[in-house]
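The values are calculated or read from the model by the stated rules, or taken from the named source; none is laboratory data. A quick note: this is a predicted structure, and the numbers were derived from the prediction, not measured. Note that each Cβ is placed from the backbone with ideal geometry, even for glycine, and that neighbours are counted across all protein chains shown. Heads up: the accessible areas ignore ligands, DNA and RNA and are worked out on the full protein's heavy atoms, side chains in. Shrake-Rupley method; radii C 1.70, N 1.55, O 1.52, S 1.80 Å.
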Amino acid sequence: MTKKKAVFLDKDGTLITDVPYNADPAFMALSSHCVAGLHHLQEKGYLLVVVSNQAGVARGYFSETALIAVEQRLKEMLAGTGIILNGFYYCPHHPDGMVKSLTINCDCRKPAPGLLFKAAEELDIDLSTSWMIGDILNDIEAGNRAGCRSILIDNGNETEWYLNEIRNPVLKARTINEAADHILKTDVK
Ligand SMILES: [Mg+2]
Ligand SMILES: [Zn+2]
């Protein structure tokens with residue numbers, strides 16, 4: 001059986017508009033110019049998988065159970081446009097948290113690639129044929145370290161631009177639609 005290919009998506013600032021530390025479904029909105037691209041990717045057999053840092057849990061801003069409603073709302077919004085979200089993975093940790101059990105140096109907080117490894121194992125994904133899309137270079141690094149190709153949504157959310165070889169995206173795109181075009185042009189012969 002051949003393994004599946006996936007497009008990993010950062011959530012905040014990439015798939016949905018960025019509202020810092022938000023866990024209220026009422027304030028969630030899909031990014032503009034993402035629906036057509038996600039549709040095409042799904043049509044061509046890519047799993048769509050969210051990988052998200054949720055340090056707000058470790059910091060005590062909201063509980064891990066609040067993220068159930070966030071995941072549910074995200075799936076609903078996408079389903080409303082005919083898109084199935086195949087996976088939702090998050091890191092609740094932070095090295096400077098308030099919740100003791102989550103205040104650790106974990107291997108899943110991006111730029112570490114742990115969330116992608118976990119998804120790959122659970123969903124039978126081939127990372128070398130997969131892609132990561134995110135709005136900051138920590139997303140790019142996580143994707144690259146996992147062995148994916150990575151695209152930066154260059155929407156102004158990255159402010160530090162600490163670049164090195166492992167943090168280089170293969171492309172800077174303005175929107176998910178543009179990123180999807182590139183993925184399909186590259187992969188689908
Ligand atoms: Mg982001
Ligand atoms: Zn973590």
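Below, the figures for the structure above:
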item	result
Test: residue in the stretch 92-106 that is under 20 Å from Asp139 (Cβ atoms), away from ligand 2 (no atom under 16 Å from the Cβ) and not polar (S, T, N, Q)	no
Residues of the stretch 71-104 satisfying the condition of being surrounded by fewer than 18 Cβ atoms within 10 Å (Cβ to Cβ), among the β-branched types (Val, Ile, Thr) and under 27 Å from Gly147 (Cβ atoms)	Ile84, Ile104
Options Asp139, Asp126, Asp107: the member that is surrounded by fewer than 19 Cβ atoms within 10 Å (Cβ to Cβ), closer than 13 Å to Val7 by Cβ and not aliphatic (A, V, I, L, M)	Asp126
Filter result (outside any loop (DSSP other than H, G, I, E, B), open to solvent by less than 30 Å² (accessible area, probe 1.4 Å) and without any contact (Cβ under 8 Å) to a residue 60 or more places away in the chain) within the stretch 154-184	Arg167, Ala173
Test: Ile151 is touching a His at 6+ places or on another chain (Cβ under 7 Å) and either surrounded by 19 or more Cβ atoms within 10 Å (Cβ to Cβ) or not in a strand (DSSP E or B) (or both)	yes
Looking only at the stretch 52-99, and only at residues there that are of a type in the set (Gly, Ala, Ser) and in contact with a strand residue (DSSP E or B) (Cβ under 8 Å, 6 or more places away or on another chain), the one that is nearest to ligand 1 (Cβ to nearest atom)	Ser52
Matching residues in the stretch 60-92 - criterion: being small (Gly, Ala, Ser) and closer than 25 Å to Lys5 by Cα	Ala79, Gly80, Gly82, Gly87
Residues that are of a type in the set (Ser, Thr, Tyr), over 16 Å from the mean Cα position of the chain (by Cα) and closer than 21 Å to Thr17 by Cβ, drawn from the stretch 137-185	Thr159
Selection status of Leu163, farther than 16 Å from Gly13 by Cα and modelled with pLDDT under 95	yes
